[in-house]
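Okay, structure first, notes after.
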Ligand code: ITT
């Protein structure tokens, strides 16, 4: 029988990407389906702690097992920024364009443009917490390119490619992305732990 798990996220792009990766293996239940419409709290100083906080909130308030994920773009020459502050880097609004402009402005013509996307998935089942990490390394482009994807995708060029995530098809991004790598670990764990 298919696993059914609530995905504790308010970001529909994450649901779309994870559904594409895990599709046949698991049925993903949205927060809307369990009546959760409020914004999930993420007030911790690390990606790991925020992922756990979001999942724990849903477990506590809705009494369901679930998983969440937190993602950050970590840029070497900005000392790991925007990192845990990726969603609201340019202010309190979650504005992807303003966030990318701030990154490009802070980097200027800096030659070290190394960066990575890091996702941590937190799974809580029967009160037991497990985390799964996925990383993709790359660099920050000098300009935005491409129309697909979301968030910082137009300025992130993964290693081994000369185009941004926003210039890739969903399948191509999913074949190498931070999120897909974390999801693969979640899936492996679910397959072996039932
Ligand atoms: P939830 O907390 O409700 O899951 P969120 O959008 O607030 O959704 P995060 O706190 O994880 O998500 O914020 C991550 C930020 O990084 C946010 O600005 C995203 O747009 C961006 N981001 C996450 N995954 C990304 C990806 O695959 N490509 C580009 N940007 C991404």
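If you build the convex hull over the alpha carbons only and average its shadow over all orientations, what do you get for the range 1-111? Give it in nm² to one decimal.
Computed as one quarter of the Cα hull surface, the answer is 8.2 nm².
Computed on alpha carbon atoms, what radius of gyration and Dmax characterise the range 65-173, expressed in Å?
That works out to 14.7, 50 Å for Rg and Dmax.
Taking the chain as a Gaussian network, where each spring joins two C-alpha atoms under 10 Å apart, which residue of 44, 11, 99 fluctuates the most?
With Cα springs under 10 Å in the chain, the top fluctuation among 44, 11, 99 is at 11.
Could you compute how fast the chain diffuses translationally, taking Rh as the Kirkwood radius over C-alpha pairs and applying Stokes-Einstein at 20 °C with viscosity 1.002 mPa s? Give it in µm² per second.
So the translational diffusion coefficient is about 125 µm²/s.
Which residue, 39, 133, 81, has the most motion in a Gaussian network model of the chain that connects Cα atoms within less than 10 Å?
39
What percentage of all Cα-Cα pairs in the range 9-74 are separated by more than 20 Å?
28 percent
Compute the distribution of all C-alpha to C-alpha distances in the range 136-194, in bins of 10 Å from 0, and list the percent of pairs in each, rounded to whole numbers.
Result, from short to long distances: 23, 47, 19, 10, 1 percent.
Here, each number is a calculation from the coordinates, and none is a lab measurement. Note that the structure is a prediction, hence the values are computed from the model and not measured.
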